[in-house]
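Encoded as structure tokens, the structure appears first; notes follow it.
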Amino acid sequence: MPETAGSGSAPPGAIEVGWEIAADEAFRRIVRSGRELATPQWGHSVHAEVAGLEPGRWYWYRFHARGAVSATGRTRTAAAIGDGDERLRFAFASCQQYEQGYYAAYRHMAADDVDLVVHLGDYIYESSWGRNHVRSHDAPEPITLEEYRQRYALYKSDADLRAAHAAHPWIATWDDHEVDNDYADNRSQDLDPPGLFLKRRAAAYQAYYEHMPLPKWARPRGPNMQLYCRWSFGTLAQFHVLDGRQHRTHQACPREGRGGSNVVSAEDCPQLNHPDSSLLGRAQEQWLVAGLRGSSARWNVIAQQTLMAQVDRRPGEGQAFWTDDWDGYSLARRRLLGAVEELCVANPVVIGGDVHMSVVADLRTDFDDPRSAVVATEFVGTSISSHGLPRRRIETWRQDSPHIKYADPTRRGYSVVELSGKRCLVRLRTLDDVRDSQSGIRTLKTFAVDDGRPGAQPA
Ligand SMILES: [Fe+2]
């Protein structure tokens, strides 16, 4: 796994950075080493790619530059087929508004016995919002590359977040707040001229690439960046990591004079069921279906940003949907879940974030027909620190959504998934108090999915 070094107060020129990978924490047995040039054009980040390591084991790494040595990080290689692929444990997390809480969840995650961390977006927030802040962004909304770099530098000044990076390898994808709330492709929520907004997107994507452990192939070109990708862990698991922002069609029926999300009914907004609307874009949809078709893994983890299950936000008669999640792209969702059913994809498990609550749901081919097939299982993780909605509102939404088996917006934390040949076990790890930097953590609930039987049960 590549790792990055941030911009900080680096001198103006390029700097040669050496890296070392060791089989032991004390660096007695250095197994690989190399050099990268850290340039000011890329915020003095380096993305070292290491080949030839053994599968399914821990390694330690560090950087050298101008006589200084970095802190040590630990990483783990993916298991190979038949070699350590009997079990995989990973944590997943999302939504870490810096002002709304501390990152105690990351301190616990760093100490947790997991092989991998998956981040599902809203790693930074561009905007300040919410009440009762515990700390401040101390800067307005970023627009330029330098301003986005400063925002990452602030978030990464948190020692608990850095500890979680140093303890585990990460897979990361983004949601909207890495750029702008509710953006869709080239459209911002303030309806900035698309050319201008794409300049901002280019700055935001570059800062994301510089600060996240991404491979070199993800390096952005102007406003475009390749992010969706696949990772295999022997025959046990394949991760299909999606990008739900860059390639999506614009949200249907926004509010007057605005871009972004809205809550609308299908009667008032026929575009909600437009066949051309797509949350992933057609190319990524085809790539995903091809990958699901070709997968021979026992568990297919679809790692994406937001809630996939339908949520009718109007209790009783009639239906209303939020246009920013999969409800705003319902035919694209039907295409995807239809393909999952038709291809008999092995154990599809969808993980998501974005909505700042834990959700466990059955994914059906037709959410309005309780007799339709359950084809996949969904787990949405709660936020690391971002505020959740009131519980009362969530209970109202659940009235007409019986496929949602569990929903709790009141807690902050992360989720831990354990995959084995026989089942998938998901633990919801929640903080006692996100406003306490030293908060304890507990496993609030545990759910299980049995091999070959989509749908989660309390465990
Ligand atoms: Fe969020």
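The values are calculated or read from the model by the stated rules, or taken from the named source; none is laboratory data. Predicted model, so just to flag it, every value in this text is computed and none were measured. Note: ideal-geometry Cβ built from the backbone for every residue, glycine included; neighbour counts use all protein chains shown. Accessible surface areas use protein heavy atoms only, side chains included; no ligands, DNA or RNA. Shrake-Rupley method; radii C 1.70, N 1.55, O 1.52, S 1.80 Å.
For the range 175-201, give me the residue count where each residue is touching a strand residue (DSSP E or B) at 6+ places or on another chain (Cβ under 9 Å) and within 16 Å of the ligand (Cβ to nearest atom).
Residues meeting the conditions: 1.
Considering only the range 371-388, state which residues are in a loop (DSSP other than H, G, I, E, B), closer than 23 Å to TRP299 by Cα and not β-branched (Val, Ile, Thr).
Correct list: SER372, ALA373, GLY381.
Which one of GLU20, GLU36, GLU54 is on the phi < 0 side of the Ramachandran plot and not in a strand (DSSP E or B)?
Just a single option satisfies the conditions, and that option is GLU54.
Sort out which residues of the range 255-284 are open to solvent by 40 Å² or more (accessible area, probe 1.4 Å) and more than 17 Å from GLY318 (Cβ to Cβ), and write them in order of number.
Hits for the range 255-284 are ARG255, GLU256, GLY257, ARG258, GLN271, HIS274, PRO275, ASP276, ARG282, ALA283.
Among all residue pairs at least 6 apart or on different chains, which show Cβ distances below 9 Å where the first residue, located in the range 347-362, is closer than 12 Å to ASP408 by Cα and the second is basic (Lys, Arg) and part of a loop (DSSP other than H, G, I, E, B)?
HIS356/ARG412; MET357/ARG411; SER358/ARG411
Residues of the range 190-238 being surrounded by fewer than 20 Cβ atoms within 10 Å (Cβ to Cβ) and over 24 Å from GLN41 (Cα atoms), which ones?
Scanning the range 190-238 gives ASP190, LEU191, ASP192, PRO193, PRO194, CYS229, ARG230, TRP231, SER232, THR235.
Check ALA166, ALA172 and return the single one that is of a type in the set (A, V, I, L, M, F, W, C), in contact with a strand residue (DSSP E or B) (Cβ under 6 Å, 6 or more places away or on another chain), within 16 Å of the ligand (Cβ to nearest atom) and under 28 Å from ARG442 (Cβ atoms).
None of the other options fit; the residue is ALA172.
Run down ALA203, ALA159 and say which single residue is closer than 24 Å to GLY259 by Cβ and of a type outside the set (Val, Ile, Thr).
Being closer than 24 Å to GLY259 by Cβ and of a type outside the set (Val, Ile, Thr) holds for just one of ALA203, ALA159, which is ALA203.
Working only within the range 82-116, note down all residues that are of a type outside the set (D, E, K, R), farther than 16 Å from SER385 by Cβ and in contact with a strand residue (DSSP E or B) (Cβ under 7 Å, 6 or more places away or on another chain).
Scanning the range 82-116 gives LEU88, PHE90, VAL114, LEU116.
When only residues in the range 73-130 that are open to solvent by less than 10 Å² (accessible area, probe 1.4 Å) and of a type in the set (Phe, Trp, Tyr) count, which is nearest to the ligand (Cβ to nearest atom)?
Per the criteria, the residue is TYR125.
Does HIS133 count as modelled with pLDDT of 95 or more and either of a type in the set (Gly, Ala, Ser) or more than 13 Å from the ligand (Cβ to nearest atom) (or both)?
In short, yes.
Working only within the range 381-406, note down all residues that are open to solvent by 10 Å² or more (accessible area, probe 1.4 Å), under 26 Å from HIS133 (Cβ atoms) and within 24 Å of the chain's Cα centre (by Cα).
Those that are open to solvent by 10 Å² or more (accessible area, probe 1.4 Å), under 26 Å from HIS133 (Cβ atoms) and within 24 Å of the chain's Cα centre (by Cα): HIS387, GLY388, LEU389, PRO390, ARG391.
If you scan the range 111-124, which residues turn out to be over 17 Å from the mean Cα position of the chain (by Cα) and hydrophobic (A, V, I, L, M, F, W, C)?
ALA111
From the list VAL345, VAL359, which one is over 30 Å from PRO194 (Cα atoms) and part of a strand (DSSP E or B)?
Going through VAL345, VAL359 in turn, just one is over 30 Å from PRO194 (Cα atoms) and part of a strand (DSSP E or B): VAL359.
What are the residues in the range 347-358 that are under 14 Å from GLN304 (Cα atoms) and either within 16 Å of the ligand (Cβ to nearest atom) or of a type in the set (Phe, Trp, Tyr) (or both), if any?
ILE351, GLY352, GLY353, ASP354, VAL355 - these are the residues of the range 347-358 that are under 14 Å from GLN304 (Cα atoms) and either within 16 Å of the ligand (Cβ to nearest atom) or of a type in the set (Phe, Trp, Tyr) (or both).
ASP368 is checked against (1) within 16 Å of the ligand (Cβ to nearest atom); (2) assigned to a loop (DSSP other than H, G, I, E, B) and fails just one. What number does that condition carry?
The single condition ASP368 does not satisfy is (1).
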